[in-house]
Amino acid sequence: MATIQYSIPNITCGHCVHAIQTEVGDLQGVKSVIADATTKSVKIEFETPANQESIKQLLKEINYPVSETA
């Protein structure tokens, strides 16, 4: 099991948090998703078949791209 944390500047409200937790949580292999509008970050626990690239790609597709300057 791996844990990653990303900075996501587009998180601004509870709807953003819910959207991220729902969409990323549905990705096969993702075990937990904790998004936080205050810190504009998301913490994700996952295992195979999920990986960092598939998670980052999904976040980009749902309009919550990962900040590359963290």
Please count how many residues of the range 1-29 are under 15 Å from L59 (Cα atoms), among the hydrophobic types (A, V, I, L, M, F, W, C) and over 10 Å from the mean Cα position of the chain (by Cα). 3
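Take the range 18-70 and flag every residue that is small (G, A, S) and either part of a helix (DSSP H, G or I) or out of contact with any Ser or Thr (no Cβ under 7 Å at 6 or more places or on another chain) (or both).
Just the residues of the range 18-70 that are small (G, A, S), to begin with: 19, 25, 29, 32, 35, 37, 41, 50, 54, 67, 70.
The answer is A19, G25, S32, A35, A50, S54.
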Kindly indicate which of K60, K43, K31 is of a type outside the set (F, W, Y), more than 13 Å from Y6 (Cβ to Cβ) and loosely packed, with under 15 Cβ neighbours inside 10 Å. K31
Return yes when T38 is modelled with pLDDT of 95 or more and exposed (fewer than 11 other Cβ atoms within 10 Å of the Cβ) and no when it is not. yes
What pairs come up if the first residue lies in the range 32-47 and is within 11 Å of C16 (Cα to Cα), the second is surrounded by fewer than 15 Cβ atoms within 10 Å (Cβ to Cβ) and of a type in the set (K, R), and their beta carbons are under 9 Å apart, counting only those six or more places apart or on different chains? A35/K43; D36/K43
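The values are calculated or read from the model by the stated rules, or taken from the named source; none is laboratory data. Keep in mind the model is a prediction, meaning the values are calculated, not measured. Virtual Cβ from ideal backbone geometry, glycine too; neighbours counted across all protein chains shown.
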